[in-house]
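This report refers to the structure that appears directly beneath it.
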Amino acid sequence: EYLKNSEDNLGNLKEIEFSGEYKPEEGEILIIKNFANPYKNFDPLTTEKLKENEIDSIKTLVFKMDDNKIAYQCFDNRKIIKPEKWFLIYSQNTYSKIDNKGLIIDSKIDAVFYEGKLLFNSYHNASRIFDLSKYYREATDKEIDNFISNNIIKGGDGFYKSLLNSRMRKKLFLIEKNEVLKKVNENFEVTATYSEKFDISSYFDITNKKIVIPNEKQELEKLLNFLNDDLYNSPITGDNYETNSKRKIMN
């Protein structure tokens, strides 16, 4: 009952399929369908009893809400009651110091799993509970090498990975995951023409059908934004925009 309001709130929100590129607004919840939950068969009755000296190792609290629904809550040191600190409880007109370790259980749920779906409103918190790296993360060095060595890329030989910050690595992961280079190759002239609106047409060699990689960080970031569909031109105002949150609209 303590957690039911939070559980009900998650279940009554508009479901948005998670892509790593959209920040949910009020009234929305991110969802991963057909999620392989490693804790699906969690049974609290067969779980080993927690000892006081093991409290510091807790990462997640798991709640079996019913036979079909499991809720999860992130846990860290801020939710541990430690006897070396002065935690006082009030009872019978007296404040008494707590002499043993204890837990603080929040009323907020960070993720819910049911009917093969994982629902959450914060990727950061959900990724502390589950391994979501197959859905969204930074590109590895190997994946960056694959990007640079693609047949459509020109100028990768002198590329320095140190140019890439965390945000750019995440965009590279999405570019690779969504097979963007393959799609650019199939529509190279159209892509190159559209790039003129953002003053990056010099990075598209139409004659040889090559994307030229800049060796300046700001220009590289601009090119990655373009390849990841984070730059767009309004057909109404003619203005250019950059977005840091987007989701695909399904017809």
Inset, instruction - Consider just the alpha-carbon atoms of the stretch 10-136 and return their Rg together with their Dmax, both in angstrom. - result: 17.5, 55
Legend entry - Charged-residue dipole, Cβ positions (Lys, Arg, Asp, Glu), the stretch 21-114 about Cα centre, Debye nearest 20: 260 debye
Legend entry - Percent RCO, i.e. relative contact order, over the chain, from Cα pairs under 8 Å lying at least 6 residues apart: 17 percent
Legend entry - Estimated [θ] at 222 nm from DSSP helical runs (n ≥ 4, -39500 (n - 2.57)) normalised by residues in the chain, nearest 500: -7000 deg cm²/dmol
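Working out 0.36 nm times the residue gap between Phe87 and Ser245, then minus their Cα-Cα distance, what length gain in nm do you get to one decimal? Kindly include the intermediate steps, with their values, before the conclusion.
On the way: separation 158, 0.36 × 158 = 56.88 nm, distance 4.21 nm.
Length gained, Phe87 through Ser245: 52.7 nm.
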Legend entry - All lysines inside 22 Å of Lys40 as judged from Cα atoms, apart from same-chain residues fewer than 8 positions distant: Lys4, Lys49, Lys59, Lys64, Lys69, Lys108, Lys117, Lys134
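Place the peptides 233-241, 173-181 in order of packing, highest mean first, counting for every residue the other Cβ atoms within 10 Å and averaging per peptide.
On the way: 233-241: 9.0, 173-181: 17.4.
Peptide ranking by packing, descending: 173-181, 233-241.
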Legend entry - Ser96/Ala36 FRET efficiency (R0 51 Å; Cβ-Cβ; nearest 0.05): 0.65
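Which of the peptides 52-62, 187-197 is most tightly packed, and how do the rest follow, judged by the mean count of other Cβ atoms within 10 Å per residue?
On the way: 52-62: 12.3, 187-197: 14.6.
With the highest mean Cβ count within 10 Å placed first, the list reads 187-197, 52-62.
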Legend entry - Cα-Cα pairs of the chain separated by more than 33 Å (percent): 41 percent
Legend entry - Mean accessible surface per residue for the chain, computed with a 1.4 Å probe while every protein chain stays in place, in Å²: 64 Å²
Legend entry - Computed log₁₀ I(q)/I(0) - Debye formula, equal Cα scatterers, no solvent, the stretch 111-216, q 0.16, 0.22, 0.23, 0.24 Å⁻¹: -0.81, -1.20, -1.28, -1.36
Legend entry - Rg and Dmax [Cα atoms of the stretch 1-73; Å; Rg one decimal, Dmax integer]: 15.1, 41
Inset, instruction - Determine the principal axes of the Cα atoms in the stretch 80-154, then give the extent along each, sorted from largest to smallest and rounded to whole angstroms. - result: 77, 34, 15
Inset, instruction - Quick one: compute a quarter of the convex hull surface over the Cα atoms of the stretch 157-251 and quote it in nm². - result: 7.1 nm²
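The values are calculated or read from the model by the stated rules, or taken from the named source; none is laboratory data. Just so it is clear, the model here is predicted, and its values are computed rather than measured. Cβ coordinates were reconstructed from backbone atoms using ideal geometry, including for glycine residues, and neighbour counts include every protein chain displayed. Remember, those area values only see protein heavy atoms, side chains included, never the ligands or the DNA or RNA. Shrake-Rupley method; radii C 1.70, N 1.55, O 1.52, S 1.80 Å.
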